[in-house]
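Working notes, beginning with the structure itself.
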Amino acid sequence: MTTETPSDPRPSLAALSAPLVERLVADAPVLRLGIQRVGGACVVDAGIGHPGGLEAGRRIAELCMGGLGRVAFGPVPGPPSWPFGVTVHSAQPVLACLGSQYAGWSLSHGSGKGAFFALGSGPGRALARQEALFDELDYRDAADAAAFVMEATAVPPADLIAHIAATCGIAADRLTLVLTPTQSLAGTTQVVARVLEVALHKLHALGFPLGRVVDGIGMAPLPPAGGGFLTAMGRTNDAILYGGTVHLHVTGPDDAAEDLAHRLPSAASRDHGRPFAEIFAAAKGDFYAIDSMLFSPARVTVTALDSGRSFHGGTLAPDLVERSFRDVR
């Protein structure tokens, strides 16, 4: 892959993620992934017609962070029945999470029963720049190839693929789309690996200055995969809402760091306290009826680097995690 040199001194998400894309495709047989060409683009099936797996999900999560994040499996605090989870770290959490990993580009094609809809995440978003967020981040990438991750259960139509490539300013054969159904092993893993991104997104919604965020690390338990979409959606959300922990390192005054620690956890939401599948059902399937402040980790620590003081907020809810991971809808 060749890239132009962006004027922005920050690293190129496209350049950093390109080797991850190449290795993912090259290792497809080992990772139980499917590879096909649709409309010229390389489409990676990580759970639709091919089983994929946990390792595929881990690597897809790192790709989705634009090569600026590391994801590892290991023990995490939570219910004794579910001792394993993911730990996510980025030395540039704002760019990795909001500039790449966040599912911010709404993509759709057609109408009715055959319509396709997905939210695009990954390093290609910084080429497409279809979100006002990039003006706020003041970031623009430049490259001749792009990669996206989508929580999708079907392959995007060729017309939509052509639109994505054109919007990114690249040839269709330089586009890679990684498809990860939520209920698949890879899908479950890459969603839970968004625990740090969820914290950054809420931090942004609360109006905390993004330029003050220096470093971040998070962890969350890994739910059992499989079942239907509602089951998987509930479990992956609850893993973060009731089992997720994030530690942010920020600059600025202590009172701002303390206020963030109190306002950031999911417990600050009016909808906190029930498994997400129940909340979703009560909202009649309308995401916009759910309090947006719910989407955040259960427990946070904010360290104010200027003073060295740390502030804590929220608490884990292992009973709710246990209930969610055993519920089947």
Review point. How much of the DSSP beta bridge set in the chain is antiparallel, as a percent to the nearest 5?
Key: 70
Review point. Excluding ligands, DNA and RNA, what is the solvent-accessible area per residue of the chain at a probe of 1.4 Å, expressed in Å²?
Key: 40
Point to revise | GNM flexibility winner over the chain from Gly273, Gly66, Gly34 (Cα, springs under 10 Å) | key: Gly273
Review point. With point charges of +1 on the Cβ of Lys and Arg and -1 on the Cβ of Asp and Glu, referenced to the Cα centre of the chain, which listed residue (Leu24, Ala91, Gln36) lies farthest in the positive direction of the dipole?
Key: Gln36
Point to revise | the stretch 72-176 - convex hull of the alpha-carbon atoms, volume per residue in Å³ | key: 151
Review point. Computed FRET efficiency, Cβ-Cβ of Arg23 and Arg270, R0 56 Å: what is it to the nearest 0.05?
Key: 0.80
Revision key, fill the gap. Relative contact order as a percentage, the stretch 225-329, C-alpha pairs under 8 Å and 6+ apart, gives 42
Review point. Within the accessible area of the stretch 199-329, what % is carbon and sulfur when the probe is 1.4 Å and the other protein chains stay in place?
Key: 54
Point to revise | Span from the the stretch 277-315 Cα centroid across to the the stretch 49-115 one, whole angstrom | key: 18
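Which whole-number percent gives the relative contact order of the chain, counting Cα pairs below 8 Å spaced six or more residues apart?
Taking the mean separation of contacting Cα pairs over the length of the chain, I get 18 percent.
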Revision key, fill the gap. To the nearest 20 debye, the stretch 46-130 has a Cα-centred charge dipole, built from +1 on Lys and Arg Cβ and -1 on Asp and Glu Cβ, of 160
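Got a number for carbon plus sulfur as a percent of the stretch 12-82's accessible area, 1.4 Å probe?
Numbers: 1740 of 2890 Å².
The value for the stretch 12-82 is 60 percent carbon and sulfur by accessible area.
Add -39500 (n - 2.57) for each DSSP H run of 4 or more in the chain, then divide by its residues: what number comes out at 222 nm, to the nearest 500 deg cm²/dmol?
Numbers: 12 runs with 107 residues, N = 329.
Here the helix-only value at 222 nm equals -9000 deg cm²/dmol.
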Study note, to complete from the structure: Non-local residues with an amide H under 5 Å from the amide H of Val38, with H modelled 1.01 Å from N and Pro and chain starts lacking one, are Val43
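If you wrap a convex hull around the C-alpha atoms of the chain and split its volume per residue, what is the figure in Å³? Please list the in-between numbers first.
On the way: hull volume 40.8 nm³, N = 329.
So the per-residue hull volume is 124 Å³.
Round to the nearest 0.05 the FRET efficiency obtained for His312 and Ser106 when R0 = 35 Å and r is the Cβ-Cβ distance. Working shown, then result.
Values: r = 35 Å, r/R0 = 1.01.
Result of the calculation: an efficiency of 0.50.
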Practice item. Collect residues whose amide H, placed 1.01 Å from N in the peptide plane, falls under 5 Å from the amide H of Ala154; neighbours closer than 5 in sequence don't count. Key: none
Revision key, fill the gap. With +1 at each Lys and Arg Cβ and -1 at each Asp and Glu Cβ, the charge dipole magnitude of the chain around its Cα centre, to the nearest 20 debye, comes out at 680
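The values are calculated or read from the model by the stated rules, or taken from the named source; none is laboratory data. No experiment lies behind these values; they were computed from the predicted model shown. A quick note on method: Cβ atoms are made from the backbone with ideal geometry, for glycine too, and the neighbour counts reach across all protein chains shown. Surface accessibility is based on the protein's heavy atoms, side chains included, excluding ligands, DNA and RNA. Shrake-Rupley method; radii C 1.70, N 1.55, O 1.52, S 1.80 Å.
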